[in-house]
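Before any comments, here is the structure.
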Amino acid sequence: MKRFLLVLRWSLLTILVLASGTLVVAWFIDFRQTDEELIAEFRGQRIQPKVHYYQVKLGHESMRTIRFMETPALPGDSALPVVLFVHGAPSSLSFFNEFFKDTSLLNRAQLVAVDRPGYGYSDFGRVETSIVKQAKLLQPLIDRYKDAPYLMVVGSSYGGSVSARLAMNNPDAVNHVVFVSSALGPGLERTYPISHWVDTPLLRWGIPPLLRLANDEKLAHRKALEAILPDWPKIKANITMLHGQRDELVYPTNVSFAQHHLINARVKQFLLPENRHDIVFNKREYMTDILLEILMHRVKTREGKPDEMVLKDKKIAKGFYSSVLIP
């Protein structure tokens, strides 16, 4: 018995030390880069992205600032299709930096990545748990690229939720949505008990802002997804879904949920049997190949029955700054 209690005591002490160490480290890591750091990141490239800001006001709420990064557009009739990347949580637009270094993509599309509200330098720390409102705050980006010959939105994890709403709101502007490990169905994701514990007033003050943002979104996610549930039939864009079959954070059942509700969209599924919630990191080249395939064979047809495909693993200067008022 004494031996058991000793082991238990040391186990609890180890967990406490590890948890405390993780929190201390998290206070100094926020997964974002300044404008200057982004400029340095891409210095020397033939095609260098630029950083932009705009402001949005929703109703009576105070003004929100949104930061995004884009590669240069081509003039006139030679305009490229646009690929807009929307990150998950906790993260920032820097999550997609490697795509902005890929010449195969840079030669075929204008690339755009955005700091979602509250993340990166889009009012860091100011959380917005409503998917409906997040999409409204990103709407100026859709308006900015509405005249592009083709607009693709790529949403990762929570970013997939927001991407879905953007497609619902813009059925005639968004041509394609790529959901990567995306949380789409209410309740179809893991919420750890610690998420509820750290939301208590006693513990909340000690949680780093980035983790607090992600936790607030997590706890409100089911309700936020239920709010957009009736509008899935509004999506007319072509849909591509990439999901790891071993994803224990955002369950693979999100794929079947989406296919069931996407009654006016053509759907392809790329299910990766060995992957968890890590596709953007561990399967970036694979993901890039799929994006290139979409860009090279852009399908204009918006109707048709969903199909599915199960694949085996294979081998900055600052720019425009404007204000937009949204009722």
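The values are calculated or read from the model by the stated rules, or taken from the named source; none is laboratory data. No experiment lies behind these values; they were computed from the predicted model shown. Note: ideal-geometry Cβ built from the backbone for every residue, glycine included; neighbour counts use all protein chains shown.
Data overview
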read-out	value
Residue among Pro140, Pro75 that is farther than 20 Å from Ile39 by Cα and either crowded, with 23+ Cβ neighbours inside 10 Å or at pLDDT 95 or above (or both)	Pro140
Of all residues making up the stretch 92-126, the number that are in a loop (DSSP other than H, G, I, E, B) and buried (at least 18 other Cβ atoms within 10 Å of the Cβ)	12
Residues that are surrounded by fewer than 22 Cβ atoms within 10 Å (Cβ to Cβ) and either more than 16 Å from Ser161 (Cα to Cα) or touching a His at 6+ places or on another chain (Cβ under 8 Å) (or both), drawn from the stretch 209-224	Pro209, Leu211, Arg212, Leu219
Residue within the stretch 80-91 that is at pLDDT 95 or above, closer than 20 Å to Arg212 by Cβ and part of a loop (DSSP other than H, G, I, E, B) present	yes
Filtered residue count, the stretch 233-248, keeping only those that are under 15 Å from Ser182 (Cα atoms) and in a helix (DSSP H, G or I)	0
Those residues of the stretch 237-251 which are crowded, with 19+ Cβ neighbours inside 10 Å and more than 17 Å from the chain's Cα centre (by Cα), in sequence order	Ala237, Asn238
Which numbered condition Ser130 fails, given (1) surrounded by 22 or more Cβ atoms within 10 Å (Cβ to Cβ); (2) out of contact with any strand residue (DSSP E or B) (no Cβ under 7 Å at 6 or more places or on another chain)	(1)
From the options Phe68, Phe31, Phe99, residue that is at pLDDT below 90, among the aromatic types (Phe, Trp, Tyr) and within 19 Å of the chain's Cα centre (by Cα)	Phe31
First in the stretch 39-58 and within 24 Å of Pro117 (Cβ to Cβ), second anywhere and small (Gly, Ala, Ser) and in a strand (DSSP E or B), Cβ under 6 Å, 6 or more apart	Lys50/Gly319; His52/Gly319; Tyr54/Ser322; Gln55/Ser323
When residues of the stretch 249-278 are limited to those that are among the hydrophobic types (A, V, I, L, M, F, W, C) and part of a loop (DSSP other than H, G, I, E, B), the one farthest from Pro233 (Cα to Cα)	Leu249
Of residues in the stretch 78-91 being surrounded by 16 or more Cβ atoms within 10 Å (Cβ to Cβ) and among the hydrophobic types (A, V, I, L, M, F, W, C), the one farthest from the chain's Cα centre (by Cα)	Leu80
